[in-house]
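Data first, discussion second: the structure below is written as C-alpha cells.
The values are calculated or read from the model by the stated rules, or taken from the named source; none is laboratory data. Remember, it's a predicted structure, so these values are computed and weren't measured experimentally. Here the Cβ is made from the backbone with ideal geometry for all residues, glycine too, and neighbour counts use every protein chain on show. The accessibility values were calculated without ligands, DNA or RNA, using every heavy atom of the protein model including side chains. Shrake-Rupley method; radii C 1.70, N 1.55, O 1.52, S 1.80 Å.
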Amino acid sequence: MSQQQISLPAKLINGGIAGIVGVTCVFPIDLAKTRLQNQRQGQQVYKSMIDCLVKTVRSEGCFGMYRGAAVNLTLVTPEKAIKLAANDFFRYHLSKDGRGLNLFKEMLAGCSAGMCQVIVTTPMEMLKIQLQDAGRLAALQRKPGIIPSTRLATTNAVLSRSYNVVPRAASATQIARQLLHTEGIQGLYKGLGATLLRDVPFSIVYFPLFAHLNKMGKPSPDETAPFYWSFISGCAAGSTAAVAVNPCDVVKTRLQSLNKGANEDTYTGVVDCFRKILKREGPSAFLKGAGCRALVMAPLFGIVQVMYFVGVGEYIMSQSPLKLISD
C-alpha cells in the first residue's frame, strides 16, 4: 500500500489515540467547566474551578470527576479523527501545485473541518453534559433555602433520576435510549446550531494559528518542527481558540442541559438563550468557564498535535497485514 493510500487511515489512528490520551488527562477540568457554566446568579454551588473539583471529590469521590468520561472516550476517537483528517483533506484539495495556502484558504479548510466534526461532537456533548451536570444539581438541592428541582426540560424518569440524590445515576446509554424513544434522532442533536457556532469558529482560529506557530519552529522549510514545538504550538492555538469561542460554548452548554434547577431558565433556541443570559446575568456570564476551557484545550491539542506529527498511525499501518497484501 502506498504512503498516499495509507495516509488517511493513519491520520484517523493518530487523531483517535491523541483524543483518548488528551481527554483522560484533562476531563476533570472539563467537568468543572460544564458545572461553572451552568451556574446562575444567586444559586452558585462552586466559587472556582478548584472549589468545584474539591467539592466534587468530597461528595462524589475521585471517580466523580470522571462522570461522563466513558461516552467522551468512546466518541472522542471518531471526533478528533474526523476533525484532523478533514482539515488535512481540505487543505490538500485547496492547495495548488504543492504551494502553501493563503490565510483565507487555511480558514476555509478549518471551517470545513469544524462542520464535519459536529456529526459526532453534538451527541457526544449532549450525553456528556447530562452526566457532568448531575452532581451540580444534586448539590444545589442540598443547599439550604433552595427548592428542589421540579421543572425539567424533559419529563422522563431516566433523565430525572440522575439529578436526584439516589444511589444509582442514569448512564449515557440509558439517556440515549430514552432520548431516541421520546424525541428520535433529533433528541441527540439538540443544540446542533450552537455546536456549529462554537466548533466552526474554533477550527477557523485554531488550524491557521497552529500552522503558522508550528512553521516558526521548523529548522528549514523542508523539515518538520520538533515535537516539543508542535506541543507548544498546539497548546497556544488551542487555548486561544477556546477563549475566543467561549460565549458560544456557554450557550451550547445551557441549551444541551435537559434538566434545570429551581428558577433556572429554559431556552427555545440560540438567540433566546443569548438574550436571556445577557439580560439576567450580564456580559460576564459568557466568560464563565473560560479559564477551565483554556486549561482543557491547551494540553488536549498539544497532545493531539504531538501524537499526530510523531506518526504513530503511520507506524501501525506500516506494520499491518494490509501493507504486505498491497506489496
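So, in region 248-273, of the ones that are among the β-branched types (V, I, T) and in a helix (DSSP H, G or I), which residue ends up farthest from A176 (Cα to Cα)? Going through the qualifying residues, I end up with V271. When region 213-231 is filtered for residues that are over 23 Å from the mean Cα position of the chain (by Cα), within 24 Å of K80 (Cα to Cα) and in a helix (DSSP H, G or I), the ones remaining, listed by number, are K215, F227, Y228, W229. Residue under question is L127, and the condition is that it be at pLDDT 90 or above, open to solvent by 10 Å² or more (accessible area, probe 1.4 Å) and more than 30 Å from R35 (Cα to Cα); does it hold? It is false that L127 is at pLDDT 90 or above, open to solvent by 10 Å² or more (accessible area, probe 1.4 Å) and more than 30 Å from R35 (Cα to Cα). Considering A18, A69, A85, A32, the condition of being in contact with a Gly (Cβ under 7 Å, 6 or more places away or on another chain) and hydrophobic (A, V, I, L, M, F, W, C) is satisfied by A85 alone. Among the conditions (1) modelled with pLDDT of 90 or more; (2) open to solvent by 20 Å² or more (accessible area, probe 1.4 Å); (3) in a helix (DSSP H, G or I); (4) closer than 22 Å to D199 by Cβ, the only one that K276 does not satisfy is (4).
Here F27 clears all of (1) surrounded by fewer than 20 Cβ atoms within 10 Å (Cβ to Cβ); (2) hydrophobic (A, V, I, L, M, F, W, C); (3) in contact (Cβ under 8 Å) with a residue 24 or more places away in the chain except the condition numbered (1). Once region 258-294 is narrowed to residues that are among the polar types (S, T, N, Q) and under 17 Å from A134 (Cα atoms), the residue that is farthest from the chain's Cα centre (by Cα) is N263.
Considered as a group, the residues in region 258-269 that are buried (at least 18 other Cβ atoms within 10 Å of the Cβ) and either among the aliphatic types (A, V, I, L, M) or under 13 Å from R40 (Cβ atoms) (or both) include one that is modelled with the highest pLDDT, and that residue is Y267. Number of residues in region 51-103 that are outside any helix (DSSP H, G or I) and either more than 28 Å from A134 (Cβ to Cβ) or touching a His at 6+ places or on another chain (Cβ under 6 Å) (or both) equals 8.
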